[in-house]
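Data block below; observations after.
The values are calculated or read from the model by the stated rules, or taken from the named source; none is laboratory data. Note that the structure is a prediction, hence the values are computed from the model and not measured. Heads up, the Cβs are rebuilt from the backbone with ideal geometry, glycines too, and the neighbour counts pull from every protein chain shown. Quick note on the areas: whole protein, heavy atoms, side chains included, nothing else; ligands and nucleic acids left out. Shrake-Rupley method; radii C 1.70, N 1.55, O 1.52, S 1.80 Å.
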Amino acid sequence: MLLISDGAVAYRRFAAASGITHEWVNVKAGERSRGAIHIQNVNSWHSRFKSWLVRFRGVASRYLINYSGWQRMLDARRLTTPALMLRASVQLG
């Protein structure tokens, strides 16, 4: 798992405590990207994710990884039919 952030201390501590690889972009110094690491991609995904979650009227934080996976599948346009959505939701496909 990879966490990409703006380098705030809270993110660095969280990543270290969780054993997650952390890459950060120094936005304060004007850095916007480092190779494939680009903070605007993260901000864009986060904005789409929050907008998409509104329809559920709140979710339990313990299920956020599942909602995140669902959003990634929708973003990849892999769930194009109701049958594919059903298979993905019950983990048959």
Hits in segment 5-16 - residues which are open to solvent by 60 Å² or more (accessible area, probe 1.4 Å) and part of a loop (DSSP other than H, G, I, E, B): D6
Conditions (1) in a helix (DSSP H, G or I); (2) open to solvent by less than 100 Å² (accessible area, probe 1.4 Å); number of the one not met by R72: (2)
Candidate set: segment 50-69, residues that are assigned to a helix (DSSP H, G or I) and basic (K, R); chosen: the one farthest from S89 (Cα to Cα): K50
Segment 17-50, residues that are open to solvent by 80 Å² or more (accessible area, probe 1.4 Å) and small (G, A, S): A17, A36
So L84, is it surrounded by 10 or more Cβ atoms within 10 Å (Cβ to Cβ) and more than 17 Å from the chain's Cα centre (by Cα): yes
